[in-house]
1. Specify the inter-centroid distance of the range 1-68 and the range 247-266, based on alpha-carbon positions, in whole Å.
2. So for the chain, averaging the separation of alpha carbon pairs under 8 Å that are six or more residues apart and normalising by length, what relative contact order in percent results?
3. Using only Cα atoms, tell me the angle between helix 122-132 and the longest principal axis of the chain; keep it within 0 to 90° and round to the nearest 10.
4. Can you tell me how the range 116-175 classifies by the Cα gyration tensor, rounded, prolate or oblate, using a/c under 1.5 as the rounded cut?
5. Can you put LYS140, LYS7 in order, fewest other beta carbons within 10 Å first?
6. Using Cβ contacts closer than 10 Å as the measure, can you line up ASP178, ASP58, ASP166, ASP238 from fewest to most?
7. To the nearest 500 deg cm²/dmol, what mean residue ellipticity at 222 nm is calculated for the chain from DSSP H runs of n ≥ 4 alone, each contributing -39,500 (n - 2.57), summed and divided by the residues?
8. Could you tell me whether the range 44-115 comes out rounded, prolate or oblate from its Cα gyration tensor? Rule is a ≥ b ≥ c as square roots of the eigenvalues, rounded for a/c under 1.5, then prolate if a/b exceeds b/c, otherwise oblate.
Amino acid sequence: MLILQTKNKSWSKIRGLFFKAAKSKGIELVCRHFKDISVIKEKETNLYIDGKDLVSFDVIYLRYIGGFLEETALIGEYARQKDILLFDRVYKNGQDFDRKSFECLRLSRTGLSYPKTFIGSHRFLLKKASDLGFPLILKKTEGRKSEKVYKINSLPGLKKKFGNYDENDRLMIQKYIDNNFYLRLIVVGGEVIGAMKRVKSMGSRQGVKSRKYKPTKKQENLAITGAAALNIDIAGVDMMVDRKGKNYILEVNRSPQYITFMKKTGINVPEKIVEFLKQQAQKH
């Protein structure tokens, strides 16, 4: 089994758990950085890691790609050519559009509950803000982890916040869901392995209180269907519930962070992922 990732603090904290889980299941695990991929063109073009052709691995898992889009596209194309088992499937299918605009299109076409949304130029968003009403949510179509996400209470406030973004940032406004918490459900291989409830202030990462949460069957089905719609096999699905009890998908995160999740739920996520990948490799 090969896991490719970028170097980040989260990975350094869970790397050992992946090796421990692999060892317990008799799996030889190799973990490398995307920069370690090499391409050799002789009679044909092949991809290597440590001098070993990628076809020699039973399964490859792209844990966190960061800015390595070229390498991800190469691996996805090579996996298609050589019938290599690659996860998440979105990379092998050549549909790696990690943008909320694509997510919005795909989820809404599947008929899933997704907040009313407008995406476009500053002028367009100012025009459409009244259709949503205030307060509303403003954010980029690119980026995760609540980066530059704002609760907007007025038209002048919306116009002012545009200045907090770069000129080329594509922006979106969404219907505000009146609640002070959201749910994080982890989906592995079409199954919800657990969930937690996170109470926080919009746009703030301070004072977050998390606890284990037992999702309803509707919430589980929504998370599973949302992940499947985007061809993401290992997903962190963020969900909100309005005052009337309606569930909305906010985001489907590939390569979710789950250190806090494991602390609060007691679930060994790397172990679940390794077991899923092993099962898929055996089927393949």
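1. Each part's Cα centre sits 23 Å from the other's.
2. The normalised contact order for the chain reaches 17 percent.
3. Helix 122-132 sits roughly 70 degrees off the main axis of the chain.
4. Cα axes put the range 116-175 in the rounded bin.
5. So the ranking, lowest neighbour count to highest, is LYS7, LYS140.
6. So the residues, fewest neighbours to most, are ASP166, ASP178, ASP58, ASP238.
7. One gets -10500 deg cm²/dmol as the mean residue ellipticity at 222 nm.
8. prolate
Read the figures in this text as sums done on the coordinates, not as results from a lab. Keep in mind that this is a model prediction, so the values were computed, not measured. Heads up, the Cβs are rebuilt from the backbone with ideal geometry, glycines too, and the neighbour counts pull from every protein chain shown.
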